[in-house]
Amino acid sequence: MTLKDLVRPNIWNLSPYTCARNEFTGEALAWLDANENSRICQYNRYPDPLQLEVKQQLGAYRGVNPENIFFGVGSDECIDIAYRVFCRPGIDNVVAIEPTYGMYQVCADVNDVEYRRVSLNDDFSLDVDAIINACDEKTKIVWICSPNNPTANAFPLEQIKEICSRFNGITIVDEAYIDFSPVGSMVQFLNDYPRMIVMQTFSKAWASAAIRLGISYASTDIINIYNKVKYPYNISELTQQEALKVLADSSHIEAIVKELIDARNALAEKLSTLPDVKHIYPSDANFLLVKVSDADAIYNYLRDEKVIVRNRTRVHKCGECLRLTIGNDTENALLIEKLTEYGNTRK
């Protein structure tokens, strides 16, 4: 399919809202275009609608051209805009692995798009043939979260490439946790797969969940369509400035990521000594999926002790599992302390 075949006709033909800031770059002598309050300065001006400075800095770090970058209000906007651009409500469908990040289905439901699940294998590996077989002529998107949430494992790049090659629609690879994984990013293959979109975020390794900044990397054709559909000033000036500060401190972030990986491995080792921990799944993320003796009881005990984890026991293939974020040293020690106390109460 061509991109025109994949995009909803109303979106392809959309005349976007434009502003003078889209037509001018640089510093003007007078901003008289947007009816702002000119008498009070600081946050009186609208932000750059295309976030060019942030895209230049991020692009330099990731090795991506700025015109191949889209910013959304968190990954949630990046997910939702994909549905609004490619999927006709009540007609088209998407395919996703199961279990995976829940917002893919929530956005499908909001946009009235059929959501098809393809189970991972028992070891949480991909079944590429099953994914392709679940697609039909009305499948517009295949969602692949890698490293996957909640299973924590990254999928081999060759398998993701195979899906991109065999599927005739849009393959979206969500790499929210990619900085914690040795597998590598699909961003380096953007030019090889023009129907692929790679998502990342400032919320995880970049320690900036509060600023709500999600990222989509894609061909310039897809990014141009996204820019037509997004709200004109979707990313605030405060968010853009904070993102620039974070990007300027990238070496520190890289060091912290290494610390978190070491802490993840250390926490896994300590958890493995507890009798109520039955299995710790391999992790390429900043969290662990842990099978325990009684997920509901342990979750409730931890919650009552004000230690908040994620109960995944009702998620497909995650029975009796808790998802544990790698915290700071104090939080990790408290988690082990409370799990030990829980075990002692059961003796």
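Note on region 61-81: residues that are charged (D, E, K, R) and not in a helix (DSSP H, G or I) amount to 0.
Scanning region 55-64 for residues that are on the phi < 0 side of the Ramachandran plot and touching a residue at least 12 places away in the same chain (Cβ under 8 Å) gives K55, Q57, L58, Y61, R62, V64. In this structure, is L58 among the hydrophobic types (A, V, I, L, M, F, W, C), out of contact with any Lys or Arg (no Cβ under 7 Å at 6 or more places or on another chain) and part of a helix (DSSP H, G or I)? Considered against the rule, which asks whether it is among the hydrophobic types (A, V, I, L, M, F, W, C), out of contact with any Lys or Arg (no Cβ under 7 Å at 6 or more places or on another chain) and part of a helix (DSSP H, G or I), L58 comes out as yes.
Y101 falls short of the stated requirement of being modelled with pLDDT of 95 or more, within 29 Å of E242 (Cα to Cα) and surrounded by 21 or more Cβ atoms within 10 Å (Cβ to Cβ).
Here L288 fits the description: buried (at least 18 other Cβ atoms within 10 Å of the Cβ), touching a residue at least 12 places away in the same chain (Cβ under 8 Å) and of a type outside the set (S, T, Y). In region 299-339, the residue that is surrounded by the fewest Cβ atoms within 10 Å (Cβ to Cβ) out of those that are under 25 Å from the mean Cα position of the chain (by Cα) and of a type in the set (G, A, S) is G319.
Filtering region 121-152 to residues that are within 20 Å of the chain's Cα centre (by Cα) and either free of Cβ contacts under 8 Å to residues at least 12 places away in the same chain or surrounded by fewer than 21 Cβ atoms within 10 Å (Cβ to Cβ) (or both) leaves F124, S125.
Does A96 meet the test of being crowded, with 19+ Cβ neighbours inside 10 Å and closer than 30 Å to I280 by Cβ? Answer is yes for this residue. For A210, the criteria (1) at negative phi; (2) of a type outside the set (D, E); (3) touching a Pro at 6+ places or on another chain (Cβ under 9 Å) hold in every case but one, which is (3). Across region 208-252, the number of residues qualifying as charged (D, E, K, R) and in contact with a strand residue (DSSP E or B) (Cβ under 7 Å, 6 or more places away or on another chain) comes to 1. The single condition among (1) in contact (Cβ under 8 Å) with a residue 24 or more places away in the chain; (2) outside the structural domain of R195 (by TED's automatic domain parsing) that W31 does not satisfy is (1).
Is it true that some residue in region 21-44 is part of a helix (DSSP H, G or I) and not polar (S, T, N, Q)? For region 21-44, residues part of a helix (DSSP H, G or I) and not polar (S, T, N, Q): present.
Taking region 1-59 as the range and being of a type in the set (G, A, S) and touching a Cys at 6+ places or on another chain (Cβ under 7 Å) as the test, only A34 passes. So for region 161-169 (the condition being surrounded by fewer than 17 Cβ atoms within 10 Å (Cβ to Cβ) and either of a type in the set (A, V, I, L, M, F, W, C) or under 18 Å from the mean Cα position of the chain (by Cα) (or both)), does at least one residue qualify? The answer is no, given that none of the residues of region 161-169 is surrounded by fewer than 17 Cβ atoms within 10 Å (Cβ to Cβ) and either of a type in the set (A, V, I, L, M, F, W, C) or under 18 Å from the mean Cα position of the chain (by Cα) (or both).
Given the options E269, E259, E254, name the one that is under 28 Å from I197 (Cβ atoms) and of a type in the set (D, E, K, R). None of the others qualify; the one that does is E254. Could you tell me whether A82 is within 27 Å of C164 (Cβ to Cβ), at pLDDT 95 or above and surrounded by fewer than 16 Cβ atoms within 10 Å (Cβ to Cβ)? Spelling it out, it is not the case that A82 is within 27 Å of C164 (Cβ to Cβ), at pLDDT 95 or above and surrounded by fewer than 16 Cβ atoms within 10 Å (Cβ to Cβ). Just one of the listed residues (A255, A209, A218, A205) is free of Cβ contacts under 8 Å to residues at least 24 places away in the same chain and within 19 Å of the chain's Cα centre (by Cα), and it is A209. Can you list the strands (runs of 3 or more DSSP E) found entirely within region 85-199 that contain at least 2 residues being within 27 Å of N13 (Cβ to Cβ) and touching an Asp or Glu at 6+ places or on another chain (Cβ under 9 Å)? Of the strands (runs of 3 or more DSSP E) lying wholly inside region 85-199, those with at least 2 residues that are within 27 Å of N13 (Cβ to Cβ) and touching an Asp or Glu at 6+ places or on another chain (Cβ under 9 Å) span 93-98, 114-119, 139-145. Within region 200-253, the set of residues being among the β-branched types (V, I, T) and either closer than 29 Å to W12 by Cα or modelled with pLDDT under 95 (or both) comprises T201, I215, T220, I222, I223, I225, V229, I235.
The values are calculated or read from the model by the stated rules, or taken from the named source; none is laboratory data. All figures in this text were calculated on a predicted structure; none of them were measured in a lab. For neighbour counting, all protein chains shown are included, and Cβ atoms are generated from backbone atoms with ideal geometry for every residue, glycine included.
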